Amino acid sequence: PPTFCVEVPRDAPCAADGRFRCPPCNLEVGGVPGWLCVPLRADRALALDAATFYLIGTDVGCEVSVRVDERGNAGFAAPATAIAERLADGLRRLDPAARPGLATAWWPAAAASPPAPGCSGARLAVDLPAAGGAPGPERAVFHVAALGSLQHLLVVRGSRAGLDAHRAEVQALLDSYRLLDPGVPAGSAATLPLQHHTGGELRGAEYHNQRWGVRLRGPDGWRTEQRCGGAAFRVAWAGPRGGRLWLHGYAVPSGMARWCRETADAWFAELCAERGLAAAGAAAWSAAGDCGALSRSVTCTVPGGGSPLGPRQRLFRLVVRDDLLLVVDAAPACDDDWPALRGAIDSLRAP
């Protein structure tokens, strides 16, 4: 009988023949004897695309994922050392017993050396206590290749004894990682992966997603960013005074046949509870002619938390289709932001 179960996506064209290969994301890993390549669902990996390699017969694995910097695809290039340190800090918050080492320079053996301008690589090991049932202490080793705002992340994990015993096999897998096109400029490296995996693109202040049939025009003059993180697509607009507008699209969760308003209400209530938002007023669900789907608006109060501004309001618009839940989240920095935010919300089209 199987010893474990891994939920994989229904369609995983990037994982085949023991390799994880994605031309739009500009990487290939795998094809090394002894390693099993298992694709991961993007919403579970919180990434554009991901796969885990298991070294058969051992407790050693390597998760490979493709991400975009939290500041989106605006050409921002955080150093790989800073990215690795941020990831290690996140692991330490989950497990206070984690002990990160120092981030050092790293670059894949099969890639061009030295890295092109705007590209960098780093490696950082984190020692961990023994997990439940594990024979001894564990270790996670982060390998980060930053290509502008696009990030290739390879995380090797297992018991320290297992990693020491299978050092050659792990190195062989790392050596298989290569950039399919080393000449892609760092400033535009994230554009094609985002369009390929989410189906959308930004045209100035307007977001178009042909795959999902969604369009929204954000406020003029605001900074726009596409992001990843497990949703079908995520877009953010940032205003000059600090106001924010988000557009999130969520595909049907695993185990469900379609979205419905009852599920959307339950999901939104949980979101508000997690973020400390209190519903101050909500419209009933209704057929929205401009969206061609069920829609409702919800106003929430953001606790002041000691801020001199006191409690603030956020306006949400929820749109439910059988195949998609849309959430538009408007957070003004001041009252002057409201006309631009309401105009953006009214521009939403999702037939």
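Some points to look at:
- Qualifying positions in the range 320-344 - open to solvent by 10 Å² or more (accessible area, probe 1.4 Å) and either closer than 17 Å to Trp222 by Cα or under 21 Å from the mean Cα position of the chain (by Cα) (or both): Asp323, Ala331, Pro332, Ala333, Cys334, Asp335, Asp336, Trp338, Pro339, Ala340, Arg342, Gly343
- Taking the range 202-239 as the range and being open to solvent by 50 Å² or more (accessible area, probe 1.4 Å), touching a helix residue (DSSP H, G or I) at 6+ places or on another chain (Cβ under 9 Å) and closer than 20 Å to Arg342 by Cβ as the test, the residues that pass are Arg217, Asp220, Gly221.
- Look at the range 214-229: where a residue is of a type in the set (Phe, Trp, Tyr) and a partner is open to solvent by 20 Å² or more (accessible area, probe 1.4 Å) and in a loop (DSSP other than H, G, I, E, B), sitting 6+ places away or on another chain with Cβ atoms under 9 Å, you get Trp222/Pro240.
- Matching residues, the range 239-289, being assigned to a strand (DSSP E or B) and either within 22 Å of Thr301 (Cβ to Cβ) or free of Cβ contacts under 8 Å to residues at least 12 places away in the same chain (or both): Arg244, Leu245, Trp246, Leu247, His248, Ala278, Ala279, Ala280, Gly281, Ala282, Ser286, Ala287
- Residue satisfying condition, being surrounded by fewer than 18 Cβ atoms within 10 Å (Cβ to Cβ), polar (S, T, N, Q), modelled with pLDDT under 85 and in contact with a helix residue (DSSP H, G or I) (Cβ under 9 Å, 6 or more places away or on another chain), within set Ser307, Ser254: Ser254
- The set of residues in the range 160-196 that are out of contact with any helix residue (DSSP H, G or I) (no Cβ under 9 Å at 6 or more places or on another chain), open to solvent by less than 60 Å² (accessible area, probe 1.4 Å) and over 22 Å from Pro79 (Cβ atoms) comprises Gly162, His166, Ala172, Leu173, Ser176, Leu180.
- Which listed residue is of a type in the set (Gly, Ala, Ser) and closer than 30 Å to Pro96 by Cβ, from Ala205, Ala186, Ala130: Ala130
- When the residues of the range 257-304 are filtered to those that are of a type in the set (Asp, Glu) and at pLDDT below 90, the one that is surrounded by the fewest Cβ atoms within 10 Å (Cβ to Cβ) is Glu274.
- Matching residues in the range 240-251 - criterion: being more than 13 Å from Val327 (Cα to Cα) and surrounded by fewer than 20 Cβ atoms within 10 Å (Cβ to Cβ): Pro240, Arg241, Gly242, Arg244
- The single condition among (1) open to solvent by less than 40 Å² (accessible area, probe 1.4 Å); (2) modelled with pLDDT of 90 or more; (3) over 28 Å from Glu225 (Cα atoms); (4) out of contact with any helix residue (DSSP H, G or I) (no Cβ under 7 Å at 6 or more places or on another chain) that Val155 does not satisfy is (3).
- Yes/no for Gly118 being among the small types (Gly, Ala, Ser), touching a residue at least 12 places away in the same chain (Cβ under 8 Å) and either in contact with a strand residue (DSSP E or B) (Cβ under 9 Å, 6 or more places away or on another chain) or open to solvent by 10 Å² or more (accessible area, probe 1.4 Å) (or both): yes
- Scan of the range 155-203 for residues that are within 15 Å of the chain's Cα centre (by Cα) and closer than 25 Å to Leu124 by Cβ, ordered by number: Ala190, Pro193
- The lone exception for Gly199 - which of (1) open to solvent by 10 Å² or more (accessible area, probe 1.4 Å); (2) touching a helix residue (DSSP H, G or I) at 6+ places or on another chain (Cβ under 7 Å); (3) within 18 Å of Asp323 (Cα to Cα) it fails: (2)
- Neighbours by Cβ (under 8 Å, 6+ apart or cross-chain): first from the range 134-150, more than 21 Å from Leu174 (Cα to Cα); second of a type outside the set (A, V, I, L, M, F, W, C) and at pLDDT 90 or above: Ala134/Asp59; Ala134/Ser159; Pro135/Ser159; Gly136/Ser159; Gly136/Arg160; Pro137/Asp127; Pro137/Ser159; Pro137/Arg160
The values are calculated or read from the model by the stated rules, or taken from the named source; none is laboratory data. Please read these numbers as outputs of a predicted model, since none were measured by experiment. Because the Cβ atoms are built from the backbone with ideal geometry, glycine has one as well, and the counts that use them run over all protein chains shown. SASA here: full protein model, heavy atoms, side chains in, ligands and nucleic acids out. Shrake-Rupley method; radii C 1.70, N 1.55, O 1.52, S 1.80 Å.
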